[in-house]
Each structure stands twice: as structure tokens, then as C-alpha cells.
Amino acid sequence: MSGLEELYQELILDHSKRPHGKGLIGPDPADGAGADPHTAESHQRNPICGDEITLRARLEEDGERIAAVSWDGAGCSISQASASMLTELVVGKKRAEAAVLIDGFREALRSRGAMELDEDVYGDAAALTGVSRYVARVKCAMLAWVALEDALLRA
């Protein structure tokens, strides 16, 4: 294993052990009474391995900028680290910017190692590039990203 791969593996383990954004914040939008029109959530499950996540996104008043992202879930270190990395990356971004990040992440993870994520753009999430070589793990890494995509469509 190369030094860079070891560093990426350590980064993934660190995010899974000390996740950012874990613990749902704000009112549950499905709750009805007290529901926030700028908050939406999505629950996603990987039926192959059982990983699951509920992700909640809160938008600024204008409905365009992501004010906060929180999540809760259970699963492997890759799914948990990916959710943590995503949370760090998208807060403060506009919806359209988040959509571009999600599309690029999806494309890289489906490339089977042919495409690398740019660390300047994806920050810590670039460490997940190597997951693309393991088809069975791609869904684990994508789980939170699909949840955010779905939540933003609902918001």
C-alpha cells in the first residue's frame, strides 16, 4: 500500500470514528406541526449490506444555500466516513453547487478507478476515490450523497 493510500485509509477511519454532522438537528419535516419549510430529509438504505442513513438538510431563508446538514445512521466505516465528509463539504454551498459535487462524486465512484476526485474541490471526500475499484463498496460511499440529493429535491 502506498503512503497516499495509507493516509486516505487513516482519514476514512478518522471520519468514521469521529463523524462530523452526526445527530439529526432541527424539527422533523415529516412531523407536520412545527415542520420547517426550509428543511427536508431523506432516509436511504443499502439493501446489499444493510447500511442506512437519515440525512436532514436545512436551507437558508432564500431556499438556495445549504445552512446545515445533519445525519444519523449505521453502517460500515466507508458509509459513515462518507456522510461525515459530505457534511463538511456542502454546508454553505448553493443547491446547484451541491448538485455538481454530487454528480462529480457519482461519476468518479462509478469510474472503477479511472477518475480521481480533486482534493481541492472535494476536500477529505477525495480519500474515497479508491472505493471506486471495489464495486460492492460504491453504494456504501454513495449512500449519504444520494440522501442529500433526494433531500434537496424535497426542500
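Bear in mind these aren't lab numbers, they're just calculated from the coordinates by the rules spelled out. Not measured: the values here are computed from a predicted model. We place every Cβ from the backbone using ideal geometry, glycine too, and count neighbours over all the protein chains shown.
For the chain, with the dipole built from +1 on Lys and Arg beta-carbon atoms and -1 on Asp and Glu ones, taken about the Cα centre, which of Gly23, Ala99, Asn46 lies farthest toward the positive end?
Checking the options against the dipole of the chain, the answer is Asn46.
Starting from the Cα coordinates of region 38-101, work out the convex hull volume and express it per residue in Å³.
Details: hull volume 4.8 nm³, N = 64.
Dividing the Cα hull volume of region 38-101 by its residue count gives 76 Å³.
With r defined as the distance between the Cβ atoms of Glu88 and Glu6 and R0 fixed at 30 Å, what FRET efficiency is calculated, to the nearest 0.05?
It comes out at approximately 0.90.
Could you give the length gained by full extension between Arg110 and Arg18, i.e. 0.36 nm per residue of separation minus their alpha carbon distance, to one decimal place? Kindly include the intermediate steps, with their values, before the conclusion.
Numbers: separation 92, 0.36 × 92 = 33.12 nm, distance 2.68 nm.
Stretched fully, the Arg110-Arg18 segment lengthens by 30.4 nm.
Arranged by the count of other C-beta atoms within 10 angstrom, fewest first, what order do Leu89, Leu24, Leu128 take? Numbers along the way, then the final one.
Details: Leu89 24, Leu24 15, Leu128 28.
Neighbour counts put them in this order, fewest first: Leu24, Leu89, Leu128.
Helix 77-90 against the longest principal axis of the chain: what's the angle in degrees, Cα atoms only, rounded to the nearest 10?
It works out to around 60 degrees.
Rounded to the nearest 10 degrees, what's the angle between the helix 95-109 long axis and the longest principal axis of the chain, both from Cα atoms, 0 to 90?
Rounded to the nearest ten degrees, it is 30.
Select one label from [x] 1.09; [y] 0.97; [z] 1.04: the one whose number is Rg/Rh (Cα atoms, Kirkwood Rh) as derived from the coordinates shown.
Checking each listed value against the structure points to [y].
For region 43-82 and region 94-111, what is the separation of their Cα centres, given in Å?
Here the answer is 15 Å between Cα centres.
Hey, what angle do you get for helix 135-154 against the long axis of the chain, alpha-carbon based, 0 to 90 degrees rounded to 10?
Between helix and principal axis, roughly 20 degrees.
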